[in-house]
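Peer 1: To start, I am sharing the structure in question, which I have written as structure tokens.
The values are calculated or read from the model by the stated rules, or taken from the named source; none is laboratory data. Owing to the predicted nature of the structure, the values given are computational and were not obtained by experimental measurement. For neighbour counting, all protein chains shown are included, and Cβ atoms are generated from backbone atoms with ideal geometry for every residue, glycine included.
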Amino acid sequence: LLKKKINKKDGSVGYANDFVVSHLRLQKREFEYKLASFNANIDKYVDKINMLKIKLKDVADLKHSYNKLTQKVEMAQRRLELIEGRLLETKIALESNIGDFEILQYAVPPKYPSNSNRKMIVVVVAILTFGGLLMGFIIKDLLNFTVKSDFDFKQILEIKLLGEIPNKDQIPLNVFYSSMQLLFGRLMKYLPRKDTPVLAFGSDKIETGKSFVLSELSEILVTQKKKILWIDTISTFDKDVKKYLINDLLYNVKPFEKNKVFKFSNNIHKSYFLLDEDTFLKSLKTEDVESFIASIKGYDYIIWELFDVNYNMQLFSSIASATDLLVLVAGFMDSNRDQMIKDIEFLKDDTDIPITGILNNITKTYFNMKF
């Protein structure tokens with residue numbers, strides 16, 4: 001039992017120097033100190049977690065830069081091997097032994113020299129010049145690893161080419177829209193017969209003209225009174241776009257919400273998918289994307305404008321696998337043929353989705369020469 005001690009002046013009750021009370025007071029101070037220490041450690045751990053998130057984002061950016069540098073090194077090595085082969089052939093030709101030839105008769109200067117044959121010399125020089133220019137053009141073409149023609153799609157990339165789109169500013173509009181109609185017809189043939197087909201558009205690099213192609217195709221669909229949901233992938237956004245982001249619905253496995261739609265026009269509605277650091281830290285499953293797409297109602301077509309494959313290959317594959325058709329938009333003499341080969345091989349190994357292609361922004365000279 002504790003011994004009470006009553007203060008006669010104010011009537012307050014205290015305790016004498018009891019061992020139990022003293023021990024409890026010491027424990028109280030000890031626990032208060034430990035609690036303060038734990039709170040301080042928690043603040044430190046939170047700071048460390050925030051630093052790790054920043055470092056993970058830096059690692060993702062460094063990985064992206066490393067992949068690009070690796071591609072450049074591989075392309076440089078291939079070009080070097082090609083040049084070394086040409087140099088070796090030239091060296092062998094120059095070092096041919098004169099002993100391989102038998103001299104039948106030594107030249108004897110004529111007593112009466114003939115005319116200078118200037119015309120013959122001019123013709124020979126012209127032929128040699130033309131041959132040199134032609135050879136230079138062939139070598140330059142051999143060392144050019146960009147996508148230039150339907151041959152690249154059929155023989156090298158081994159995917160179906162839906163169409164070739166000329167530069168709209170360089171040719172008559174009737175020619176341009178004729179090419180778009182041809183592309184649209186082939187695209188419709190490859191889509192499955194279902195109520196709401198889903199298309200994904202990607203590329204091997206940024207700025208190959210995906211948005212331009214989608215805008216033109218959407219206008220054709222609008223003329224047929226079709227209603228379209230266009231999901232645009234962005235890396236930055238402003239306040240007006242934030243309320244139309246679908247990231248939280250996708251990653252939290254929630255159905256589509258109509259308030260996530262921006263009415264671009266009566267028949268074209270847009271939602272946005274944000275590429276931020278969370279897309280590298282969190283995994284998005286194809287099944288979740290399929291469930292999200294299945295919850296979208298009231299549209300004739302769903303078009304998802306993706307990003308370059310190499311930026312986040314697994315995320316690209318997860319989204320594309322949930323669609324009905326993948327269209328890779330290549331820039332004329334801009335997209336890298338070797339990079340597209342790697343992208344297509346990865347997608348074919350990782351998904352079963354049909355892959356097609358579009359060659360965009362063909363220059364007037366080449367387009368007129370071909371068509």
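Peer 1: Any chance you could count how many residues in the stretch 351-361 are farther than 14 Å from F176 by Cα, more than 16 Å from the chain's Cα centre (by Cα) and surrounded by 15 or more Cβ atoms within 10 Å (Cβ to Cβ)?
Peer 2: 3
Peer 1: Please specify each residue of the stretch 334-345 satisfying the condition of being among the polar types (S, T, N, Q) and surrounded by fewer than 17 Cβ atoms within 10 Å (Cβ to Cβ).
Peer 2: none
Peer 1: Sticking with this one: Would a scan of the stretch 259-270 turn up a residue that is basic (K, R), farther than 22 Å from I54 by Cα and in a loop (DSSP other than H, G, I, E, B)?
Peer 2: Scanning the stretch 259-270 turns up no residue that is basic (K, R), farther than 22 Å from I54 by Cα and in a loop (DSSP other than H, G, I, E, B).
Peer 1: If I filter the stretch 199-208 down to residues being modelled with pLDDT of 95 or more and not hydroxyl-bearing (S, T, Y), which single residue comes out as farthest from M188 (Cα to Cα)?
Peer 2: G202
Peer 1: Moving on. Considering the stretch 246-255 alone, what residues qualify as being assigned to a loop (DSSP other than H, G, I, E, B) and touching a helix residue (DSSP H, G or I) at 6+ places or on another chain (Cβ under 6 Å)?
Peer 2: I246, V253
Peer 1: How many residues does the stretch 188-205 contain that are among the acidic types (D, E) and either assigned to a strand (DSSP E or B) or surrounded by 23 or more Cβ atoms within 10 Å (Cβ to Cβ) (or both)?
Peer 2: Of the residues in the stretch 188-205, 1 are among the acidic types (D, E) and either assigned to a strand (DSSP E or B) or surrounded by 23 or more Cβ atoms within 10 Å (Cβ to Cβ) (or both).
Peer 1: I've got another one for you. Tell me whether the stretch 307-325 contains one or more residues that are surrounded by fewer than 17 Cβ atoms within 10 Å (Cβ to Cβ), touching a Lys or Arg at 6+ places or on another chain (Cβ under 7 Å) and either in a helix (DSSP H, G or I) or of a type outside the set (V, I, T) (or both).
Peer 2: no
Peer 1: Still on this structure: Give me the pairs, please: first residue somewhere in the stretch 206-227 and surrounded by 14 or more Cβ atoms within 10 Å (Cβ to Cβ), second residue anywhere and at pLDDT 95 or above and of a type in the set (S, T, Y), beta-carbon distance under 8 Å, and either six or more positions apart or on two chains.
Peer 2: Partner pairs satisfying both residue conditions: K210/S203; L221/Y301; K226/Y301; K227/Y299; K227/Y301.
Peer 1: Can I ask one more? Part of a loop (DSSP other than H, G, I, E, B) and either farther than 24 Å from I355 by Cα or within 25 Å of the chain's Cα centre (by Cα) (or both): which single residue out of T279, T208 fits that description?
Peer 2: Exactly one of T279, T208 is part of a loop (DSSP other than H, G, I, E, B) and either farther than 24 Å from I355 by Cα or within 25 Å of the chain's Cα centre (by Cα) (or both), namely T208.
Peer 1: Continuing with the same structure: Go through the stretch 228-253 and count every residue that is more than 21 Å from the chain's Cα centre (by Cα), touching a residue at least 40 places away in the same chain (Cβ under 8 Å) and farther than 19 Å from K297 by Cα.
Peer 2: Counting residues in the stretch 228-253 that are more than 21 Å from the chain's Cα centre (by Cα), touching a residue at least 40 places away in the same chain (Cβ under 8 Å) and farther than 19 Å from K297 by Cα gives 0.
Peer 1: Does the stretch 10-24 contain any residue that is modelled with pLDDT of 80 or more and assigned to a helix (DSSP H, G or I)?
Peer 2: Yes, the stretch 10-24 contains at least one residue that is modelled with pLDDT of 80 or more and assigned to a helix (DSSP H, G or I).
Peer 1: Cβ-Cβ under 7 Å, sequence separation 6+ or interchain: first residue in the stretch 297-315 and more than 16 Å from S65 (Cβ to Cβ) and modelled with pLDDT of 95 or more, partner of a type in the set (D, E, K, R) and assigned to a strand (DSSP E or B). Which pairs?
Peer 2: Sorted first by the residue in the stretch 297-315, then by its partner, the pairs are E305/D232.
Peer 1: Does any residue in the stretch 176-191 that is touching a residue at least 12 places away in the same chain (Cβ under 8 Å) come within less than 6 Å, Cβ to Cβ, of a residue that is surrounded by 14 or more Cβ atoms within 10 Å (Cβ to Cβ) and in a helix (DSSP H, G or I) six or more places away or on a different chain, and which pairs are these?
Peer 2: M180/E216; F184/I220
Every residue, every condition in (1) in a loop (DSSP other than H, G, I, E, B); (2) surrounded by 10 or more Cβ atoms within 10 Å (Cβ to Cβ); (3) modelled with pLDDT of 70 or more, yes or no:
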site	(1), (2), (3)
R86	no, yes, yes
G99	no, no, no
S116	yes, no, no
V123	no, yes, yes
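Peer 1: D47 - would you say it is surrounded by 10 or more Cβ atoms within 10 Å (Cβ to Cβ), at pLDDT 80 or above and assigned to a helix (DSSP H, G or I)?
Peer 2: Answer is yes for this residue.
Peer 1: Taking the options F273, F256, name whichever one is within 29 Å of H64 (Cα to Cα) and in contact (Cβ under 8 Å) with a residue 24 or more places away in the chain.
Peer 2: Among F273, F256, only F273 is within 29 Å of H64 (Cα to Cα) and in contact (Cβ under 8 Å) with a residue 24 or more places away in the chain.
Peer 1: Now for a different question. Let me confirm something: among K348, K364, which residue is over 15 Å from D308 (Cα atoms), loosely packed, with under 15 Cβ neighbours inside 10 Å and free of Cβ contacts under 8 Å to residues at least 60 places away in the same chain?
Peer 2: K348
Peer 1: Checking S295 against (1) buried (at least 19 other Cβ atoms within 10 Å of the Cβ); (2) within 16 Å of I228 (Cα to Cα), which test does it fail?
Peer 2: (1)
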